[in-house]
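These notes concern the structure reproduced below.
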Amino acid sequence: MLKFHQIVLRKFLALFLALFLIVGAIVYYWIYEFYINSTKEALLQDIELISFQIDKNSDLDTLAKKVKEQLNLRLTLIDSNGNILAESHKDKSKMDNHRYRDEIMQSDKTDFGYKIRHSKTINKDLLYVAKKYTIKNQTLYIRLAREIKGIQDEIFSLGVKIFIVLVLFFIAIFTITYKINTQIQYETGKIVSFLKSLTKKKKSTYIKSNYSEEFAHITNLLTKVAQIIVKKEKQKSKYTQRLQESNRQKDDIISAISHEFKNPIAVVNGYSQTLLDDEDINPNIRKKFLKKIHKNGEKLSELIDTLRLSMKLDAKSQTLKTKEINLYNLVQESISNLQISYPGREVFVEGDKESTIQADEMLFGIVITNLIENAFKYSEDEVHITLSKEKIEIVDTGIGIAEDDLKNITEKFFRVHKNSWNNSLGLGLFLVNRIVNLHNFKLKISSSINEGSNFTIIF
């Protein structure tokens with residue numbers, strides 16, 4: 001493993017190289033384009049001046065030589081058919097037709113044409129700029145060219161200067177960093193020694209640094225951490241007890257789930273085994289057994305759906321599909337479904353039968369069903385439901401809920417009664433509370449022992 005100063009050195013070298021390559025590339029292409037554009041502009045200005053000279057002087061060959069001597073540029077004058085009228089650097093009679101040169105064709109379509117390519121005539125890379133003129137009622141192409149090598153030399157010279165500046169900058173930064181690194185190594189050494197002491201029986205609980213605000217903050221935190229560790233070791237037995245309590249709660253939850261699944265599974269196994277063992281069983285009894293198996297299969301499916309919904313609500317991943325719902329219709333549907341399992345139970349629905357809310361019909365149906373079923377389970381008398389635009393109240397006159405239990409009644413897997421007849425999984429009111437909160441409604445519960453309970457959802 002590398003030391004801190006080695007890491008810093010490598011990072012700086014990598015940073016310098018990356019900086020140089022990036023800046024170098026940007027500067028090169030920017031300067032290159034700048035020089036090319038500047039050269040084109042200069043050549044266009046020279047072409048404009050040459051066009052005035054042509055109008056006054058008909059000796060084109062002399063003009064071409066003059067441009068070569070005075071401006072050190074290559075001048076080529078071309079007629080509309082591509083024939084060379086004058087050339088500054090070669091015998092024009094030995095030159096090919098230039099009608100289809102890129103810069104000539106481009107000047108026919110735009111204000112001017114340009115091209116960078118190697119010239120076989122003078123064996124150099126040139127920047128050609130051509131412009132079309134009409135002089136003395138004749139079409140004439142004036143083309144000037146400058147050697148690219150001069151442009152590249154200027155760019156290289158600028159690049160060398162930038163490189164030198166970057167090297168000097170890097171040396172300065174590295175020197176400063178090295179000094180900082182040396183001090184940081186000293187401070188980190190103190191921290192490492194302090195951390196090592198924490199692993200020993202005789203622990204150091206104090207460290208301080210005044211080098212920088214960050215180190216002062218770190219050492220202050222380490223001091224607090226050391227003191228906390230000492231305190232935590234003294235509280236170890238308390239945390240162990242809490243862990244054991246958590247394990248007991250986990251076992252209770254597993255026990256509740258297994259208990260709920262055990263009965264329907266036992267029924268399915270028992271009846272199916274009887275059907276398998278007795279092939280000649282009475283058809284009526286067979287049908288009865290199959291109904292039992294089907295009913296308990298549905299119960300298992302409902303239990304699984306309830307557990308899945310509880311996990312979604314716990315993880316806050318359940319989405320809402322809200323629409324306008326008539327409360328009275330939703331309540332009547334829940335009552336109708338429940339009276340199959342609770343025949344003969346009376347429910348009185350009062351209040352505004354036209355009241356509606358914006359809610360998820362499936363989820364809010366679970367809320368209403370759970371609350372009414374709770375009233376059926378824990379009371380033998382009738383259940384009263386009152387509807388309004390502001391709230392819905394479900395009131396029973398059953399065994400009620402103790403004040404201590406009301407605090408935890410909406411917790412997951414919490415069961416008030418331990419009686420054998422109570423097969424609750426402990427998720428009913430948990431689902432109710434989470435779904436109500438998901439709709440931004442409010443659940444209010446009041447109850448008295450042996451008098452009954454009042455569940456109110458305020459919209």
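Note: relative contact order over the range 257-314, using C-alpha pairs below 8 Å and six or more positions apart, is 45 percent. With the cut-off at 27 Å, report for the range 1-158 the share of all Cα pairs above it, as a whole percent. The share of Cα pairs beyond 27 Å in the range 1-158 comes to 36 percent. For the chain, the Kirkwood radius over C-alpha pairs fed into Stokes-Einstein at 25 °C and 0.890 mPa s yields D = 73 µm² per second. Applying a DSSP loop filter and a limit of 15 other Cβ atoms within 10 Å to the chymotrypsin sites (Phe, Trp or Tyr not before Pro) in the range 316-410 leaves nothing.
Pairs with C-alpha atoms separated by more than 21 Å, drawn from the list Lys316/Lys377; Lys299/Lys407; Lys389/Lys442; Lys92/Lys131; Lys40/Lys109; Lys109/Lys149, are Lys316/Lys377; Lys299/Lys407; Lys109/Lys149. Normalised by the number of residues in the chain, the mean separation of alpha-carbon contacts (under 8 Å, six or more apart) gives a relative contact order of 8 percent. When exposed loop sites are taken as GluC sites (Glu not before Pro) in a DSSP loop with at most 13 other Cβ atoms within 10 Å, the longest stretch of the chain clear of them is 1-278. The value for the range 335-402 of Rg(Cα) / (2.2 N^0.38 Å) is 1.13.
Listed by chain and number, the lysines whose alpha-carbon sits under 20 Å from that of Lys11, ignoring those within fewer than 8 places in the same chain, are Lys3, Lys179. Each 5 Å bin from zero holds the following percent of Cα-Cα pairs in the range 257-314: 4, 18, 23, 18, 14, 9, 7, 4, 2, 1. For the range 327-405, the list of trypsin sites (Lys or Arg not before Pro) that fall in a loop by DSSP and count at most 15 other C-beta atoms within 10 angstrom reads Lys353, Lys389. Shape summary: the range 247-401 maps onto an equivalent ellipsoid whose semi-axes, from the alpha-carbon gyration tensor, are 34, 22, 17 Å in decreasing order.
Looking at the range 114-183, the trypsin sites (Lys or Arg not before Pro) that sit in a DSSP loop and have at most 16 other Cβ atoms within 10 Å of their own Cβ are Lys120, Lys136.
Calculated on C-alpha atoms, the gyration radius of the range 322-458 divided by its Kirkwood radius gives an Rg/Rh of 0.94. Stretching the chain fully between Asn454 and Lys407 yields a gain of 15.4 nm (0.36 nm per residue, less the alpha carbon separation).
Read the figures in this text as sums done on the coordinates, not as results from a lab. Bear in mind the structure is a predicted one, so any value in this text is a computation, not a measurement. Heads up, the Cβs are rebuilt from the backbone with ideal geometry, glycines too, and the neighbour counts pull from every protein chain shown.
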